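Handing you a structure now.
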Amino acid sequence: MSDDTKLRNFLTTHANEERNALSTHISVSNFGRYIINSSELEEFNKLYSTATENTIDIAEVVPNEAPIVIDFSFSFKNESDIKHNANITKIVSRFTSILADMFGDDKNYTCVVTKRRKPYRLKNILHDGVHLQFPYIVCEKQHLVLLRQNFIADCDIDFGKENELEQIYDKMTPTWYMYLSSKPNREPYKIIKIYNNEDLQRKYQYMNLYEIIDMMSVRNKSHLLIHPIQ
C-alpha cells in the first residue's frame, strides 16, 4: 500500500461526517473535514510526513490554546516595490520584544519564518506572504489581539506604499496549513530561517520531515500553555 493510500485511508476513517465544529483538520481541495484526537496526532503526522511528495492541502484548525502564528499578506504592482524581505529581521525582533514584555524574558522565543519560493501573480498583481511561528509560545487566542495591537502601534517598518499594516497583518487565523501543505495551485511555504535559536537554525536542515512537521504543528503543544505576566 502506498504512503498516499495510507494517508487517505486514515483521513477517510476520521472524516467528520456531520461537518460540525468538532473538526480538527480540513482539506480545501476536497472539502474534507476530519476529527483527529490528540492521542492519534503522532500517527497522523507520521503518515502525512511520508506522503508530502505529492500535492497535499491539509490545514489544522487552530485551537483556543495554540502556538503563536502570524500571517502577513502583501500585494504589489511591481517586484521593485517589494520591501518586506529586507525587514524580516526587524519584524521578528519587534515581535520578540513585545512577547517578552507580555510573557517574561525566560521563555523560548524561537521564531520560525516561512515563505513561498517566489511571489505569484493574480490579475496583474503580485502576491507574497511571510509566516512567523513561535512554536513554543502557547497562549490563548485572546492574547493575540493585544499582540497585534502592540505590533501595529508606532510601527515604523516599511512594508511598501501599497500595504497598510492593518490590512496585511491578519487579525485571526482560524486554520493553519500544515508544513508543506498549501492552497490548490500555490507553492507551499517553507522555512527560510529560524530566529532566536542559533542551535536549531544550524540543526533544522538535518531534521527529518516528521520532526519539522511535529515542531510546526499547532495542535500538539497545549502542555506548553503560558499566561501573561501582567
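Among ASN108, TYR179, ASN30, which residue has its Cα furthest toward the positive end of the charge dipole of the chain, with +1 on Lys/Arg Cβ and -1 on Asp/Glu Cβ?
Value: ASN30.
A further question follows. The chain: longest stretch without exposed GluC sites (Glu not before Pro) (DSSP loop, at most 11 other Cβ within 10 Å), sites themselves excluded?
It works out to 54-163.
Sticking with this one: In whole angstrom, and with the biggest value first, how far do the Cα coordinates of region 3-61 range along each principal axis?
Extents along the principal axes, in whole Å: 30, 26, 18.
Still on this structure: With θ taken as phi - 60° and the coefficients 6.51, -1.76 and 1.60, list the Karplus ³J(HN,Hα) couplings across region 140-156 in order, rounded to whole Hz; mark glycine and proline as x.
6, 4, 4, 6, 5, 5, 5, 4, 5, 4, 5, 5, 5, 4, 6, 6, 10
Translational diffusion coefficient of the chain at 25 °C, 0.890 mPa s, Stokes-Einstein with Kirkwood Rh over Cα pairs, in µm²/s as a whole number.
This corresponds to a translational diffusion coefficient of 131 µm²/s.
What translational D, rounded to a whole number of µm²/s, comes out for region 94-216 from Stokes-Einstein when the hydrodynamic radius is the Kirkwood one over Cα pairs, at 25 °C and 0.890 mPa s?
For the chosen part, D equals 151 µm²/s.
Each reported figure results from applying straightforward, stated rules to the coordinates on display, with no laboratory input. Everything quoted here is computed from the prediction, not taken from an experiment. Glycine gets a Cβ as well: all are built from the backbone with ideal geometry, and neighbour counts include every protein chain shown.
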